[in-house]
Amino acid sequence: MKAQPTRYAKSGDVHVAYQKFGRGKLNLVIVPGWISNLDCCWDHPSSVAWLERFGEYASVVMFDKRGTGLSDRGKGMPGMDERMDDIRAVMDHAGVEDAALFGLSEGGTLAALFAASHPDRSRALVLQGSLARFEQWIKDQAAFDAFLGYVRDFWGTGAGYLRYAPSMAGDADYQAWWARRERAGASPSAVVDLMNLNRQISIAEILPAVQCPTLVIHRSSDMIVDVEGGRELARSIPNAEMLELSGDDHLPWVGDDLEMISDRIEEFLTGTKPAPAIDRTLATVLFTDIVGSTEHATRMGDEAWGNLLQRYDSLVDAELARFRGVKVKSLGDGHLATFDGPARAVYAALALAERAVKLGFEIRSGVHTGEVRMSKNDVSGLAVHIAARVMSEAGPCECIVSRTVRDLAAGSDLGFEECGQKLLKGVSEPIHTYKAYRS
């Protein structure tokens, strides 16, 4: 198979490069590792053979994440919200309503988060060589410094290929291809920025919200991502299957077990049962509350206060639309809303606080991300309860968030000031809380 035409999907202000190939009925989206280049995928026989196998039974869409490969660099490093938007934009542009997701290495964190957040578009999930926490990839500061040293001194030479594909040792052609892939994937400074973003991300707490059938594949001596990364994914995702194999290759297109792994993936994907009716999903929950509303009503009188609240409600609707939130309901002097990305929820909360001050009063807000149960006119579940309790810790004009929100908002221009662990009413375990602000 030859290199495929590259197309571009618009995601916000960024063009995301993708390619589509294959003749199967199953839709499959490949979410690449931390760097990639679409054209380079077709420059080595091992990678080509791996892709061709998918194309035998699936219609495949693969893309370069923003900031890498053929996609736009954008302004600053993207957050997880924007990265999920990129997947959705690519699927929309390619005419793919729903698909199985294959997440490779660091791309598995994004694929799992997308599957949890968009269960209606996620038919199945395959994670290979992936992780739940950054330390399963680079375990400590010394290892991180060593990686930065490689980027500074050797990036673009392909010298690091032996850690990704030990079975290709001594293959000069493979090293030369890997060197081209490094150079075409990202510049040294972009690599450093990407890794500083990646080290902030943890998806461990959202894994129980993944609903689709999931297969986790990991080699026990993987030299890039510790096998514990795959094991935690399999333990935490409900009913996930774990295929743990001997070997130390990280890349999926090399190794003596390549054919067996490809067979297992095909069997898993083509045997996937129809998607169940969706009533649970991962969502970011925002609660807001007006501070001292009774005092305001007493001072202003019911009619004047009611008119002011109507103006505020209109502003709430506008800000929710701006940040893609869904208003679940009004709560007297507060609101409950859900978002498909944590950073957007925090931006909305901070914007509403500014709007409220201009109207002459203050609000508090709380944000948490977790699994919720959707009904026609309401949302329920522990995540909703936690968001409400987190809000109760906020002072005037403050937005308090959980650690899950902080972790998933990595890469945004938000800052978070630690407030410590709080034992919240009705929640069995202490919750780490943070005050959010624009950095």
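The values are calculated or read from the model by the stated rules, or taken from the named source; none is laboratory data. Note that the structure is predicted; figures quoted are calculated from it, not measured. A quick note on method: Cβ atoms are made from the backbone with ideal geometry, for glycine too, and the neighbour counts reach across all protein chains shown.
The set of residues from region 130-151 being under 29 Å from Phe102 (Cβ atoms) and in a loop (DSSP other than H, G, I, E, B) comprises Ser130, Leu131, Ala132, Trp137, Ile138, Lys139. Just one of (1) among the polar types (S, T, N, Q); (2) out of contact with any strand residue (DSSP E or B) (no Cβ under 8 Å at 6 or more places or on another chain); (3) crowded, with 17+ Cβ neighbours inside 10 Å fails for Gln310. It is (3). When each of Glu354, Glu418 is tested for being assigned to a strand (DSSP E or B) and more than 20 Å from the chain's Cα centre (by Cα), the lone residue that passes is Glu418. Residues that are modelled with pLDDT of 90 or more, outside any helix (DSSP H, G or I) and surrounded by fewer than 23 Cβ atoms within 10 Å (Cβ to Cβ) within region 380-398 comprise Glu393, Gly395, Pro396, Cys397, Glu398, listed in sequence order. Residues that are more than 19 Å from Asp249 (Cβ to Cβ) and not hydroxyl-bearing (Ser, Thr, Tyr) occur in region 162-182; there is at least one. Got at least one residue in region 286-297 being closer than 22 Å to Cys212 by Cα, surrounded by fewer than 13 Cβ atoms within 10 Å (Cβ to Cβ) and at pLDDT below 95? Taking every residue of region 286-297 in turn, none turns out to be closer than 22 Å to Cys212 by Cα, surrounded by fewer than 13 Cβ atoms within 10 Å (Cβ to Cβ) and at pLDDT below 95.
In region 395-406, what residues are among the aliphatic types (A, V, I, L, M) and touching a residue at least 60 places away in the same chain (Cβ under 8 Å)? Across region 395-406, the qualifying residue is only Val405.
When you scan region 201-214, do you find a residue that is assigned to a strand (DSSP E or B) and out of contact with any helix residue (DSSP H, G or I) (no Cβ under 7 Å at 6 or more places or on another chain), even just one? For region 201-214, residues assigned to a strand (DSSP E or B) and out of contact with any helix residue (DSSP H, G or I) (no Cβ under 7 Å at 6 or more places or on another chain): present. Summed over region 13-53, residues that are of a type outside the set (D, E, K, R), in a helix (DSSP H, G or I) and under 15 Å from Leu70 (Cα atoms) total 3. Scanning for something in the same structural domain as Phe102 (by TED's automatic domain parsing), closer than 18 Å to Trp177 by Cβ, among the small types (Gly, Ala, Ser) and buried (at least 18 other Cβ atoms within 10 Å of the Cβ), does region 17-33 turn up at least one residue? Yes, region 17-33 contains a residue that is in the same structural domain as Phe102 (by TED's automatic domain parsing), closer than 18 Å to Trp177 by Cβ, among the small types (Gly, Ala, Ser) and buried (at least 18 other Cβ atoms within 10 Å of the Cβ). When the helices (runs of 4 or more DSSP H) confined to region 225-314 are screened for residues that are closer than 28 Å to Gly33 by Cα, those reaching at least 1 such residues are found at 227-236, 258-270. The single condition among (1) out of contact with any helix residue (DSSP H, G or I) (no Cβ under 9 Å at 6 or more places or on another chain); (2) of a type outside the set (A, V, I, L, M, F, W, C); (3) in contact (Cβ under 8 Å) with a residue 40 or more places away in the chain that Gly170 does not satisfy is (3).
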